[in-house]
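The numbers here are math on the coordinates, done by the rules we state, and not lab data. Since we're looking at a predicted model, the values are computed, not measured. Glycine also receives a Cβ, built like all others from the backbone with ideal geometry; neighbour counts cover every protein chain displayed.
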Amino acid sequence: MRAYTLLAPAKINLYLEIVGDRPDGYHELIMVMQSVDLCDRLEVRANGTNDIRLFCDHPEVPLDQSNLAYRAATLMCEQFPDAFERYGGVDIYLEKNIPIGAGLAGGSGNAAATLVGIDLLWKLGLTQSEIQDLGAQLGSDVPFSVAGGTALATGRGENLATLNTLDQLYVVLAKYRSLSVSTPWAYKTYRQQFHETYLRHPNDLEERRKHIHSGPMMGAIAHHDALQIAQHLHNDLEKVVLPAYPAVKALREAFQQTDCLAAMMSGSGPTVFGLAETQEQAEAARQQVRQAIADPDLELWVAKFISKGIQVAT
Ligand code: C5P
């Protein structure tokens, strides 16, 4: 086949704890990641040239090396020169449905879909774990985006343990169209303000990682207990993003007045999500937020938890 179409779901963080510094300059994290069915659609097509070309329906998405999907295709050409020579370059058509600069891993999902698509196009037969290893070279969230579902992520975010699927829950996602938060800024600011809280000793880090396994969030997920999950939502990056972006703080507060079980910012923001047990509850909360904040710049989506990452569209 000369073309594949892939769906790349957004992710939210149900839990994000920054536990320390890493020698590579990144942060040591403990996260619970969850895929939701708000998906970008990406087509990878052999173009009969020696070039990678990226096309996108969203005017603000860069089409060069600064785009993670483009970088993913470049990485595949470098890693598999024989296949590149045999099959030639690729055109990537990207339909953006996930908001950009949102803390929803949209760019990571596009990179993951590109890796999966080129693997199929070039008949490489890579395993999921080989694709994830390639993805880790592109960004911390890419390995999760490949596999999706519900996962505990440690290290930089690339060490993944699959958890019980939670595919009965819903979220309302809310983001101001014109607002985005720089992830490097959020982590840098967190380091400046909270460095003294970082665990330093490798034994302490190991203890902390073990502790999370017996903690309340893992128990809540194992038992599919939505109320308990809602009570234990946590994101350290809220401590720097909410004070710097009062509109995001107000949005989170607006969610707390709705039928949702709880609300939190995803990743480095600025998307805020409200957790709901049913689609009706999510739709009601979406309307309640819309009534509380009439600003047309605010976009809202209802999405369902899903147990899959990158999928080949039929
Ligand atoms: O890996 P990725 O490129 O997605 O990370 C974006 C930025 O987020 C990094 O440049 C870094 O500033 C910050 N980050 C971090 N620790 C992590 C993941 C990301 O400090 N574990």
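Give me the distance between the Cα centres of the range 34-86 and the range 231-246, rounded to whole Å. Cα centroid to Cα centroid, the span is 33 Å. You can think of it this way: the chain between Asp57 and Val312 has 89.8 nm of extra reach, that is 0.36 nm per residue less the Cα-Cα gap. Which FRET efficiency, nearest 0.05, do Gln228 and Gln79 yield, Cβ-Cβ r, R0 41 Å? Rounded to the nearest 0.05, the efficiency is 0.45. Computed log10 I(q)/I(0) for the chain at 0.08 Å⁻¹: -0.35, from the Debye equation with unit scatterers placed on every C-alpha and solvent omitted. Ordering Leu169, Leu160 by the number of other Cβ atoms within 10 Å of each residue's own Cβ, fewest first, gives Leu160, Leu169. Remark: relative contact order (the chain) = 26 percent; criterion is Cα-Cα distance under 8 angstrom and separation of 6 or more residues. Summing -39500 (n - 2.57) over the DSSP H runs of n ≥ 4 in the chain and dividing by its residue number, what mean residue ellipticity at 222 nm do you reach, to the nearest 500 deg cm²/dmol? The per-residue figure over the chain is -11000 deg cm²/dmol.
The fraction of all Cα pairs in the range 190-314 landing in successive 10 Å bins from 0 to the largest distance is 11, 32, 34, 19, 4, 0, given as whole percents. By the count of neighbouring beta-carbon atoms within 10 Å, fewest first, Phe80, Phe194, Phe144 end up ordered Phe194, Phe80, Phe144.
Exposure proxy ranking for Asp133, Asp297, Asp24, Asp141, based on other Cβ atoms within 10 angstrom of each Cβ and starting from the fewest, stands as Asp24, Asp297, Asp133, Asp141. For the range 1-143, the relative contact order comes to 29 percent (Cα pairs under 8 Å, sequence separation of at least 6). Kirkwood radius, the range 1-70, all distinct C-alpha pairs, inverse of mean reciprocal distance: 15.5 Å.
Once you keep just the Cα pairs under 8 angstrom separated by 6 or more residues, what percentage relative contact order results for the range 75-168? With pairs under 8 Å counted, the relative contact order is 20 percent.
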